[in-house]
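Read the structure below first, then the notes.
No lab work stands behind these numbers, since they all come straight from the coordinates. These numbers were taken from a predicted model, which means no experiment stands behind them. Neighbour counts are summed over all protein chains in view; Cβ atoms, including those assigned to glycine, are modelled from backbone coordinates with ideal geometry.
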Amino acid sequence: MFSFRHTSKMMLNNGKLFDGTFDYEYTDGLLENVCANNISCISEFTPVRFPSARMIYKFLHSLFRYILCCFLTGTYVLFTSGCLDCFDGMSVYIAMADAPLLYYIIQKFHYPNFLLGEFTFNLVDVEEHDILRYIVSSEDCSMPLTVLGIDTTKHCGPLSSIDLVQYVWEHFLRFSYKKHALVLIPRDVTKLPKLLFLKYYRAKATRRKTLQIVLIVSNVTWLL
């Protein structure tokens with residue numbers, strides 16, 4: 001069994017690690033952030049269009065099967081939401097975990113080309129702070145992919161993926177229009193994971209509005 005102990009610089013928030021969720025009643029309170037009479041949280045959006053939908057779901061499911069905590073974002077997701085009229089690729093944020101697959105993805109094994117199920121990864125570039133760029137292909141479809149790693153306090157799986165979305169949005173993405181994500185969450189073992197289309201939501205905080213948003217956040221985490 002592999003033990004993940006990397007020495008490269010992954011993404012930290014002021015030197016602090018991402019801490020995934022293991023207690024969802026406690027997390028409901030953390031997902032709510034009230035500041036200066038405003039409240040922000042995660043809600044869902046309906047995609048305007050969803051090109052290569054089957055490929056995208058299967059790609060996320062391939063990562064899901066390795067018990068990885070991750071989500072998809074980038075211009076592709078903004079295109080599906082209607083924020084952009086075109087796209088040039090997608091990005092995946094992954095919480096670092098004790099998973100052998102991550103040795104390939106972040107190039108600890110120095111395999112510039114490798115397979116993940118039916119997906120072929122071809123390394124294009126490795127930028128500063130270990131941002132990796134690939135071309136991911138499946139059948140007759142190819143997509144540029146940027147991989148960004150987030151250091152964690154302990155092994156996090158798919159149950160913490162929504163938390164990872166919130167963490168990255170709060171600490172690394174500055175502009176609210178960029179805060180759209182696709183994420184898979186577990187369901188009953190007889191069903192495939194559910195794909196959520198998540199977006200940043202901000203509103204004026206009143207007592208009634210706060211209650212409404214708390215209910216939205218609770219409903220999202222309750223699905224887990």
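Some points to look at:
- The stretch 60-97 and the stretch 113-127 have Cα centres separated by 15 Å.
- Cα-based shape type of the stretch 47-194, given that a ≥ b ≥ c are square roots of the gyration tensor eigenvalues and the cut on a/c is 1.5: rounded
- Loop-located trypsin sites (Lys or Arg not before Pro) across the stretch 153-200 with a Cβ neighbour count of 10 or fewer within 10 Å are 174, 191, with loop assigned by DSSP.
- Dipole moment magnitude, nearest 20 debye, the stretch 72-213 about Cα centre, only Lys, Arg, Asp, Glu C-beta charged: 1180 debye
- For residue 142 and residue 192, a Förster radius of 30 Å and the Cβ-Cβ distance give a FRET efficiency of 0.80, rounded to the nearest 0.05.
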